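Data first, discussion second: the structure below is written as structure tokens.
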Amino acid sequence: MSNFGRLDLNLLLTLDVLLTEQNVTRAAQRRHLSQPSVSVQLAKLREFFDDPLLLPGPRGMRPTARADELREPLRQALAALELAVSAGEVFDPATAKNTWSLGAADYGESTIVLPALRALRIAAPSARLAIFETSPARIIRKMEQGELDLAFHTSEAVVNGLHSRLMFAERYVLVSRKGHPQINRPVTLAEFCALEHVMVSPDGGGFYGYTDTALAAAGLSRRVVLSVPHFLFVLQVLMTTDLVAMLPERLVRGNPALQITDAPLDVPGFEMFMVWHERAHRDPAHQWLREFIADAV
């Protein structure tokens, strides 16, 4: 207890950031301190724990075994302390000036953020939203660094260390323009394969997806003549050409320029989740935002 009593809480805050960033310069920026100040604090931490904690490596600094042991208990302790300090706070969206950072691809923007946006602007008129497109591999790191509040993604983003909430289940449908000459009735499997398809390839340049996997299981293939990285362009393509696409139903539901048809084969759908980090789990503002978006969707 005597050792703990002489430890400055600010040193623990700096240690938490250092263990996340593994870089003194970036840690200094996040703590709004000078680099020399963070270096002095790191020296004090090394003395207190009798361990180097962070060692120079080929890509920044790497934590020692002792630092790895400290990482999660320290994060939990700081989160509990923050909760204790703010326990009496009541979040008022009408006066809130929060800036929330959301991770979503264009599908998530259209099916989750957009349905909630109008009511959110009314409920929290002084708050701001920043939308980032980010991959599942980067979500957890950005959340650990406090750069991302919420993310909307398929089950790929539901990983250990993150909280998650199922938003909805989605299915694929065959989409074409209204009045498409070849889709004035349910299409057969042979007709489906003969149509010219456009598909979304998030990584760019892909011509093979879930539909092709389902077709291959039946010994069939389709004609994919266009591959694009975003859903928004696909919708424009479908409205102005005779190309067709297998798309998530929520993305096209209610569009008067497009017609939806059940495909002649079963293509597995997917589930959309909202994910967030433990560090924001008990924050009143964050809790309000999560519930608001879930209710809107």
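Overview of values
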quantity	calculated
Single match in V225, V237, V244 (criterion: in contact with a Leu (Cβ under 9 Å, 6 or more places away or on another chain), over 24 Å from G108 (Cβ atoms), β-branched (V, I, T) and modelled with pLDDT of 95 or more)	V225
Enumeration of residues in segment 1-54 that are open to solvent by less than 30 Å² (accessible area, probe 1.4 Å) and among the polar types (S, T, N, Q)	T14, T20
Criterion (at pLDDT below 85 and in a loop (DSSP other than H, G, I, E, B)) met by exactly one of L83, L78, L7	L7
Wholly enclosed strands (runs of 3 or more DSSP E) of segment 142-222 bearing at least 1 residues open to solvent by less than 10 Å² (accessible area, probe 1.4 Å) and either in contact with a His (Cβ under 6 Å, 6 or more places away or on another chain) or in contact (Cβ under 8 Å) with a residue 24 or more places away in the chain (or both)	150-153, 172-177, 196-200
Filter result for F273 (modelled with pLDDT of 95 or more, part of a helix (DSSP H, G or I) and surrounded by 14 or more Cβ atoms within 10 Å (Cβ to Cβ))	no
In segment 109-141, the residues that are under 19 Å from D203 (Cβ atoms), among the polar types (S, T, N, Q) and not in a loop (DSSP other than H, G, I, E, B)	none
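Conditions (1) touching a strand residue (DSSP E or B) at 6+ places or on another chain (Cβ under 6 Å); (2) within 30 Å of E72 (Cα to Cα), marked per residue:
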residue: V225; (1), (2): yes, no
residue: L243; (1), (2): yes, no
residue: P264; (1), (2): no, no
residue: M274; (1), (2): yes, yes
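The values are calculated or read from the model by the stated rules, or taken from the named source; none is laboratory data. On a predicted model such as this, the values are computed, not experimentally measured, just so you know. We place every Cβ from the backbone using ideal geometry, glycine too, and count neighbours over all the protein chains shown. Just the protein is used for accessible areas: all its heavy atoms, side chains included, with ligands, DNA and RNA removed. Shrake-Rupley method; radii C 1.70, N 1.55, O 1.52, S 1.80 Å.
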